[in-house]
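Working notes, structure below.
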Amino acid sequence: MHDMVIRDGTIIDGTGAARFTGDVAIDGDRIVQVGGKAGPARRDVPAEGRLVTPGWVDVHTHYDGQATWDPVLAPSVWHGATTILFGNCGVGFAPVRAPDRQALIDLMEGVEDIPGITLAEGLKWNWESFPQYLDALAEMPRTIDIAAQVAHHPLRVYAMGDRGLNREAATADDIAMMEKLTEEALRAGAFGFTTSRTDQHRTPTGDLVPGRYAEHEELLAIGRAMGRVGRGAFGMLSDFEDEAAEFEWLRQVAKDSGRPVWFLLTDRNYDPKRWKRLMAGVAAARADGLPLSAQVAGRPVGLILGLTTSLNPFALREGFAALATLPPAEQLARLRDPEVRAKILAEEASERLMHLVPPLSRQIATRWDQMFVLGDPPDYEPPADRSLAALAAKAGQDPAAFCYDFLTGGDGGRMLYFPVVNYVGGDLSVVREMMVNPHTVNGLSDGGAHCGVICDASMPTSMLTHWGRDRTRGEKLPLEFLVKRQTSEGADFFGFGDRGRLIPGLKADVNVIDFEGLRLHHPEMIYDLPAGGRRLVQTVDGYDMTLVSGVPVMEKGTETGARPGRLVRAG
């Protein structure tokens, strides 16, 4: 007798093979049969007309802090994620010395928009080294599986103290310590190393991050440590100001370490040909036998703009900033005052406030043609005639005034969508081209991060709904391809060898999905983080069941309370 049989489902097994109908049988935490008719079970799950897929392996999240106090890790679990990987973009919380804890909180708050008050209250700091951090994570029973990478900025601060924070060049001794700490982290179970070399990443006071200008030798040494261990992927985000120089050291890391190397790739409106040049660099490295890849997103990286979010088009004006800390109801009443409205609309964005915002986000001050009303369900490929500029012109209004009145209307909870990257041409044709390139891996959901301004943890769901079903402004993509991108491809790339496919003997992480009923809802702001911290979340209909290690953790959109998840250690 099997523990569970999911019966008569449409099986998309994560390998890219064509879908087929049959049963999936589970004993304990393992899949034991896929296809055909399975024998009797203690629990039958009817799945006729439903998709049966592996659970999503989400390789780009930022639950580094939240995972230390929250066993559930919503909204990722709501959207079918059964394994999540954090430690991305060079930010994290280990290794750390006590005097540097606040600096790491500031980095995470500035780079990933996770409230500092939440981190200050939620983090228990019952670790110093990275292995101790993993041990602390391993102690908590949890809903889904988690895994971590070692991040460059805490590594640099641990080795160099204030010199690291101030972006000074590392000495030979500093580099040797970072090598040693990286090796220690990998041997303890880290799935890789990440760094950040972009002006987009700043502290709350506008300072650049510790690793922004790290010398190439520092990064090559960390790569050599990875090669000695023979484990982990090396990831980074860069502005690629000098593309040849960046590719030179990336290629060297790949050559010296023999490990997979990846960088984040998006399409940027200031240089529409940039992504093709960077992919040409990847192709050249692959032709030379080097394991270099780009990590891409399945939709635009879009800011959610509103009065309750971290940013809106008027947040960079001093008149609005003066009201930003008021309670929501009082702020809304003040903003509706005609004199206040006239004052704010008469202002321009201030240099002081612009300095605190990442360069690409500064466009929110003027790019009315790139702002769209966020519907329910949201449209992540909106046409130009639905932009705020077009709607204002149709209404015969100035776009700033139109926007102001929209945001201050209703209950003050209205939201706009602003695609910062991956929307240069006004559609997702470039995103599709990136995703079908064999030298890319899907990621960038940023689950757990950008709590007040981005809600992309729903990306695994929109991959299916938009690309597999609803797209009208271009070609769709086969469901088999979309499932593979979110399961076996990510699992294989980062070394999760026991999951990502529905194959007998592998881990029973499974989604049962009502594909026709799969529907994303409008993001909403909630205040459930420690110290009352806020975060955007997005609910979904259509996941009938999500299993982790053979145990249902979600059924019909409701958490079961089961805690089969665990920390996964590389190797």
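The values are calculated or read from the model by the stated rules, or taken from the named source; none is laboratory data. None of these values were measured; they are calculated from a predicted model. Counting neighbours? That spans all protein chains shown, and the Cβs are built from the backbone with ideal geometry, glycine included. For accessibility, only protein heavy atoms count, side chains too; no ligands or nucleic acids. Shrake-Rupley method; radii C 1.70, N 1.55, O 1.52, S 1.80 Å.
For the subset of region 41-50 comprising residues that are basic (Lys, Arg) and surrounded by fewer than 20 Cβ atoms within 10 Å (Cβ to Cβ), which member is nearest to Gly542 (Cα to Cα)?
Ranking the candidates gives Arg43 first.
Provide a single number: the residues in region 225-239 that are open to solvent by 20 Å² or more (accessible area, probe 1.4 Å), touching a residue at least 40 places away in the same chain (Cβ under 8 Å) and assigned to a loop (DSSP other than H, G, I, E, B).
2
With Gly425, Gly409 as the choices, which residue is small (Gly, Ala, Ser), at negative phi, open to solvent by 40 Å² or more (accessible area, probe 1.4 Å) and part of a loop (DSSP other than H, G, I, E, B)?
Gly425
Take the conditions free of Cβ contacts under 8 Å to residues at least 60 places away in the same chain, surrounded by fewer than 24 Cβ atoms within 10 Å (Cβ to Cβ), touching a strand residue (DSSP E or B) at 6+ places or on another chain (Cβ under 6 Å) and not small (Gly, Ala, Ser) and apply them to Asp470. Does it pass?
Taking the combined requirement at face value, the residue does not satisfy it.
Residue by residue through region 1-40, note down the ones that are open to solvent by less than 60 Å² (accessible area, probe 1.4 Å) and over 18 Å from Gly505 (Cβ atoms).
Arg7, Asp8, Gly9, Thr10, Ile12, Gly16 - these are the residues of region 1-40 that are open to solvent by less than 60 Å² (accessible area, probe 1.4 Å) and over 18 Å from Gly505 (Cβ atoms).
Would you confirm whether any residue within region 288-299 is over 23 Å from Cys89 (Cβ atoms) and open to solvent by 40 Å² or more (accessible area, probe 1.4 Å)?
The answer is yes, given that some residue of region 288-299 is over 23 Å from Cys89 (Cβ atoms) and open to solvent by 40 Å² or more (accessible area, probe 1.4 Å).
Which residue is farthest from Val551 (Cα to Cα), if the candidates are limited to region 12-28 and must be in contact (Cβ under 8 Å) with a residue 24 or more places away in the chain and in a strand (DSSP E or B)?
Among those residues, the one meeting the criterion is Val24.
Looking at region 553-571, which of its residues are in a loop (DSSP other than H, G, I, E, B) and open to solvent by 20 Å² or more (accessible area, probe 1.4 Å)?
Lys556, Gly557, Thr560, Gly561, Ala562, Arg563, Pro564, Arg566, Arg569, Gly571, listed by residue number.
On the given criteria, is Gly396 over 30 Å from Val209 (Cβ atoms), touching a Phe, Trp or Tyr at 6+ places or on another chain (Cβ under 9 Å) and open to solvent by 20 Å² or more (accessible area, probe 1.4 Å)?
Spelling it out, it is not the case that Gly396 is over 30 Å from Val209 (Cβ atoms), touching a Phe, Trp or Tyr at 6+ places or on another chain (Cβ under 9 Å) and open to solvent by 20 Å² or more (accessible area, probe 1.4 Å).
Could you go through region 366-374 and let me know if any residue there is among the polar types (S, T, N, Q), closer than 20 Å to Arg471 by Cα and crowded, with 20+ Cβ neighbours inside 10 Å.
There is at least one residue in region 366-374 that is among the polar types (S, T, N, Q), closer than 20 Å to Arg471 by Cα and crowded, with 20+ Cβ neighbours inside 10 Å.
If you go through region 152-163 one residue at a time, do you hit one that is more than 24 Å from the chain's Cα centre (by Cα), open to solvent by less than 40 Å² (accessible area, probe 1.4 Å) and hydroxyl-bearing (Ser, Thr, Tyr)?
Checked against the condition, which is being more than 24 Å from the chain's Cα centre (by Cα), open to solvent by less than 40 Å² (accessible area, probe 1.4 Å) and hydroxyl-bearing (Ser, Thr, Tyr), region 152-163 yields at least one hit.
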